[in-house]
Amino acid sequence: MKKVITVLKGDGIGPEIVDEAIKVLGRIAEKYSHEFVYKYVDIGGCAIDKYGVPITDEGMEQCKNCDSVLLGAVGGPKWDNVDPSVRPEKALLAVRHELGLFANLRPTKLFPQLADASPLKQSIIGNGIDLLIVRELTGGIYFGKRNTAEENGEAFASDEMKYYAHEIERIGRVAFESAKKRRGKVSSVDKANVLDSSRLWRKIMHKLGEEYKDVEYEDVLVDNTAMQLIKNPSRFDVVVTENMFGDILSDEASMLTGSIGMMPSASLSEGTLGMYEPIHGSAPDIAGTDMANPLGTILSAAMMLRYSFDMANEADDIENAVNAVLDEGYRTADIMRDGMKKVGCREMGTLVTEKI
Ligand code: NAD
């Protein structure tokens, strides 16, 4: 099978981790006689430096006209003070919007080999942690009207959080369908005791709950969810929530698993086109040192094979290889413990590749 992949390496550790994912995909292509064609597009700070914008129109067209997009990360201190209209993150929001990537899937799984890297006590993670956060990605406060102005001589700023019923329903369906393929439970997270947008969210989720009778359903307030993730993470299977709550909760959840460097994500549209990226940022503090953990990006590539290319066996191969390498005790610095074998970003990518 031939697939065209747009590659957005981005800034900081982005190029290092994406190179390792491509190394692994090369092995998959060889093993299964697929052809992966890579089209490279600058995004984020490196694009600002070259073109004055975080992604060019041609770059955006390339993202729209391919089979899937693989992203490293964007941003860094160098571009923290650029004009807000061309900030590196602007490009990410634009790609999500232009490609209609409304569903962000963030699996949070504690690899048993890394149990001692989790900050939680063994008595709490005893039953394991394996949850899927389904975050709405193209609505809510990140896309609402912004305003910075003055009133009676005092500065003020506001950001609008707006959701249409159809946006809530389609993300809800992704959550219920995912739950059917997992342990069959949806926890819908909102702030319905305060926000109108959450009350509409809850009403629509309840309607879906009636429709998906085989799926267990619960409402949980976002503040309670933040607490429950630490107190009793195994109570969750699929967690569905709006854009900003999902952004915050998924970073919290990722830490339960030991390192943000392990966590993949998929952003899906209504069709098969998706964007795949690790959930962490560009980690400028370790960029260029070969210390980055490439596993979140490699596992994102596995999600790409599974969700966009319908290549389940190939995806299983990558996930099994990651497991095997961890079983053998290889660790990057972020997950290193006494008695384990420390490796760099490149060696970790090579080890996974060789296991396939
Ligand atoms: P970060 O995720 O880049 O880093 C947080 C901490 O985790 C750092 O100590 C870093 O070294 C470590 N870390 C992250 N990924 C790692 C990996 N793969 N292996 C080992 N350690 C890893 O978050 P930050 O420091 O808040 O942000 C840095 C930059 O990234 C900022 O400019 C921010 O805007 C940007 N950012 C981009 C994205 C994205 O591109 N999707 C997401 C979040 C942040």
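The values are calculated or read from the model by the stated rules, or taken from the named source; none is laboratory data. Values in this document were obtained by computation on a predicted structure and should not be read as measured data. We place every Cβ from the backbone using ideal geometry, glycine too, and count neighbours over all the protein chains shown. Note: accessible area is taken over every heavy atom of the protein model, side chains too, but ligands, DNA and RNA are not part of it. Shrake-Rupley method; radii C 1.70, N 1.55, O 1.52, S 1.80 Å.
Observations on the structure shown:
- Over the residues of the chain, the helix contribution to mean residue ellipticity at 222 nm works out to -12500 deg cm²/dmol, using -39500 (n - 2.57) for each DSSP H run of at least 4.
- In segment 147-243, the GluC sites (Glu not before Pro) that fall in loop regions by DSSP, at most 13 other Cβ within 10 Å: GLU160
- Here the translational diffusion coefficient of the chain follows from Stokes-Einstein with Rh set to the Kirkwood radius across Cα pairs; for 10 °C and 1.306 mPa s it amounts to 76 µm²/s.
- Treating r as the C-beta distance of ASP130 and ARG170 and R0 as 30 Å, the FRET efficiency rounds to 0.75.
- Ordering LEU305, THR289, ALA324 by the projection of their Cα atoms onto the charge dipole of segment 269-356, which places +1 on the Cβ of Lys and Arg and -1 on the Cβ of Asp and Glu, puts THR289 at the extreme positive end.
- For the chain, a simple Cβ point-charge model (Lys and Arg +1, Asp and Glu -1, everything else neutral) yields a dipole of about 760 debye relative to the Cα centre.
- Whole-percent carbon and sulfur share, accessible surface of the chain, 1.4 Å: 50
- Dipole magnitude for segment 12-71: about 180 debye, using +1 per Lys or Arg Cβ and -1 per Asp or Glu Cβ, origin at the Cα centre.
- For segment 119-256, the Cβ-based charge dipole about the Cα centre amounts to some 640 debye (Lys, Arg positive; Asp, Glu negative; other atoms uncharged).
- Segment 215-356, accessible area per residue, ligands and nucleic acids excluded (1.4 Å, Å²): 36
- Nearby lysines by direct alpha-carbon distance to LYS145 (threshold 26 angstrom, same-chain neighbours under 8 apart not counted): LYS64, LYS90, LYS162, LYS191, LYS203
- Residue-count net charge about LYS342 - beta-carbon cut-off 11 Å; Lys, Arg +1, Asp, Glu -1: 0
- Listed by chain and number, the aspartates and glutamates whose alpha-carbon sits under 16 Å from that of LYS23, ignoring those within fewer than 8 places in the same chain, are GLU35, GLU277, ASP290, GLU314, ASP317, GLU319, GLU347, GLU354.
- In loop segments of segment 165-227 as defined by DSSP, the trypsin sites (Lys or Arg not before Pro) with at most 11 further C-beta atoms inside 10 Å of their C-beta are LYS181, LYS213.
- Segment 119-256 shape via C-alpha gyration tensor axes, a/c threshold 1.5: oblate
- A simple spin-label model places the labels of SER85 and ASP327 5.6 nm from each other, with each point 7 Å out along Cα-to-Cβ.
- Applying both filters, DSSP loop and at most 13 other Cβ atoms within 10 Å, to the trypsin sites (Lys or Arg not before Pro) of segment 87-157 gives LYS121, LYS145.
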